[in-house]
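These notes concern the structure reproduced below.
The values are calculated or read from the model by the stated rules, or taken from the named source; none is laboratory data. The shown structure was predicted, so the numbers you read here are calculated from the model rather than taken from an experiment. Cβ placement follows ideal geometry from the backbone for every residue including glycine, while neighbour counts extend to all protein chains displayed.
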């Protein structure tokens with residue numbers, strides 16, 4: 001969440017930054033937060049003043065009783081009345097604190113000054129590319145991956161739906177091998193600097209709140225009510241909370257981690273949109289990279305992580321481009337963000353396959369991740385960054401369509417061959 005002290009000391013800066021997101025209701029929430037914070041400070045001043053009076057009267061009662069003065073009981077009654085008022089203010093303080101926290105948890109992060117202005121994804125500027133984009137595609141490449149996968153016997157969504165219901169997918173045979181190969185390729189490519197972690201895929205509400213999914217996006221997550229646990233939408237969630245409530249030494253930063261995990265998303269707002277094949281599903285595999293850093297380290301780390309994600313996609317030989325996310329299309333927790341998109345000729349669309357984001361101190365403040373600089377007194381809130389090193393479904397789909405051969409087979413990208421048990425092409429079953 002944003003720093004409440006910023007609301008108090010420079011509300012105009014916060015208003016201007018949030019206004020760039022282009023959502024008027026955010027400014028209403030901001031004014032509500034400012035009002036609650038002002039009321040909270042007023043209550044605390046009243047409470048402290050009453051507490052001081054009660055303490056003074058208590059001393060007066062003691063002195064009067066010692067002197068045998070009958071006025072002691074009258075002063076005692078006054079002290080009790082003030083004590084009751086103080087108790088009432090304490091209860092109101094708790095209520096206002098909870099209300100303020102709830103509003104602050106729903107207010108999104110402030111965009112970085114260099115993040116481009118815009119109203120929607122149509123305003124996201126091109127940063128790099130397109131790369132590896134041919135002047136034209138052959139007709140045999142203009143076949144959607146769900147048809148290719150079914151013809152090759154490696155995508156069986158019909159049985160996935162029978163097993164689990166709508167918007168679940170299932171890869172079989174070499175299709176499943178390809179999915180696993182993509183994950184191992186992403187892990188191996190980042191193992192030089194990122195510690196591999198296999199985190200739990202069920203997390204507490206506090207963990208999901210730390211990254212910004214709760215309370216605002218509860219409808220997009222899978223909740224296990226009996227155990228009060230949530231299925232993770234991405235490994236970003238458990239990795240971010242790895243150091244929750246801890247104070248790190250500056251020398252430990254940046255802390256770089258990566259994780260493979262299944263990811264679970266309701267995709268509540270996507271009914272009828274891109275739901276065919278592998279484009280959008282309730283469960284999918286992904287490799288995430290994440291860093292906890294100092295504010296000074298973060299800008300360079302963001303560029304490094306973008307380059308790492310780009311290198312993975314470029315290594316697969318897929319047509320791709322990099323865009324920067326504008327303020328109107330930016331996610332709840334994002335301070336600055338870049339997407340890598342691949343072109344899928346069968347879908348005739350650019351598909352987002354990686355998103356790399358810098359969250360500044362927004363997530364770390366929610367998770368209470370701090371660091372200490374050398375011998376300096378006090379601590380500071382850390383910064384967090386994360387990126388989709390490789391999300392399987394759309395990359396899998398793009399490989400199917402871009403690498404389809406005239407005979408109906410699909411060529412495996414060279415970088416994946418070490419993980420494919422000697423397979424170089426996925427061929428139709430009839431062969």
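Just a few scattered comments:
- Members of segment 163-211 that are free of Cβ contacts under 8 Å to residues at least 24 places away in the same chain and in contact with a helix residue (DSSP H, G or I) (Cβ under 6 Å, 6 or more places away or on another chain): 170
- When residues of segment 77-118 are limited to those that are touching a residue at least 40 places away in the same chain (Cβ under 8 Å), out of contact with any strand residue (DSSP E or B) (no Cβ under 8 Å at 6 or more places or on another chain) and in a loop (DSSP other than H, G, I, E, B), the one farthest from residue 4 (Cα to Cα): 118
- Meets criteria (on the phi < 0 side of the Ramachandran plot, touching a helix residue (DSSP H, G or I) at 6+ places or on another chain (Cβ under 9 Å) and assigned to a helix (DSSP H, G or I)) for residue 21: no
- Exclusive hit being surrounded by fewer than 17 Cβ atoms within 10 Å (Cβ to Cβ), in contact with a strand residue (DSSP E or B) (Cβ under 7 Å, 6 or more places away or on another chain), part of a strand (DSSP E or B) and assigned by TED's automatic domain parsing to the domain that holds residue 378, set 262, 295: 262
- Residue in segment 149-167 that is under 26 Å from the mean Cα position of the chain (by Cα), buried (at least 19 other Cβ atoms within 10 Å of the Cβ) and either in the same structural domain as residue 242 (by TED's automatic domain parsing) or more than 25 Å from residue 340 (Cα to Cα) (or both) present: no
- Every listed requirement among (1) in a helix (DSSP H, G or I); (2) surrounded by 17 or more Cβ atoms within 10 Å (Cβ to Cβ); (3) modelled with pLDDT of 95 or more is met by residue 176 save one, (2).
- Residue 360 meets the stated requirement of being in contact (Cβ under 8 Å) with a residue 12 or more places away in the chain and outside any strand (DSSP E or B).
- Test for residue 360: is it on the phi > 0 side of the Ramachandran plot and touching a strand residue (DSSP E or B) at 6+ places or on another chain (Cβ under 8 Å): yes
- Filtered by the rule that a residue be surrounded by 15 or more Cβ atoms within 10 Å (Cβ to Cβ) and farther than 18 Å from residue 367 by Cβ, segment 224-240 gives a lone residue, 231.
- Residue ID - farthest from residue 49 (Cα to Cα), chosen from residues in segment 61-71 that are without any contact (Cβ under 8 Å) to a residue 12 or more places away in the chain and part of a helix (DSSP H, G or I): 66
- The residue list 349, 406 contains one member that is touching a helix residue (DSSP H, G or I) at 6+ places or on another chain (Cβ under 7 Å), surrounded by fewer than 20 Cβ atoms within 10 Å (Cβ to Cβ) and in the same structural domain as residue 289 (by TED's automatic domain parsing), which is 406.
- Screening segment 214-255 for residues that are in a helix (DSSP H, G or I) and without any contact (Cβ under 8 Å) to a residue 24 or more places away in the chain and picking the one that is nearest to the chain's Cα centre (by Cα) gives 218.
- Residue among 276, 280 that is in contact (Cβ under 8 Å) with a residue 12 or more places away in the chain, more than 20 Å from the chain's Cα centre (by Cα) and surrounded by fewer than 22 Cβ atoms within 10 Å (Cβ to Cβ): 276
- Flag for residue 42 being without any contact (Cβ under 8 Å) to a residue 40 or more places away in the chain, on the phi < 0 side of the Ramachandran plot, loosely packed, with under 15 Cβ neighbours inside 10 Å and outside any helix (DSSP H, G or I): no
- Entry remark, segment 310-330: residues being within 14 Å of residue 116 (Cα to Cα) and either part of a loop (DSSP other than H, G, I, E, B) or without any contact (Cβ under 8 Å) to a residue 12 or more places away in the chain (or both) number 3 in total.
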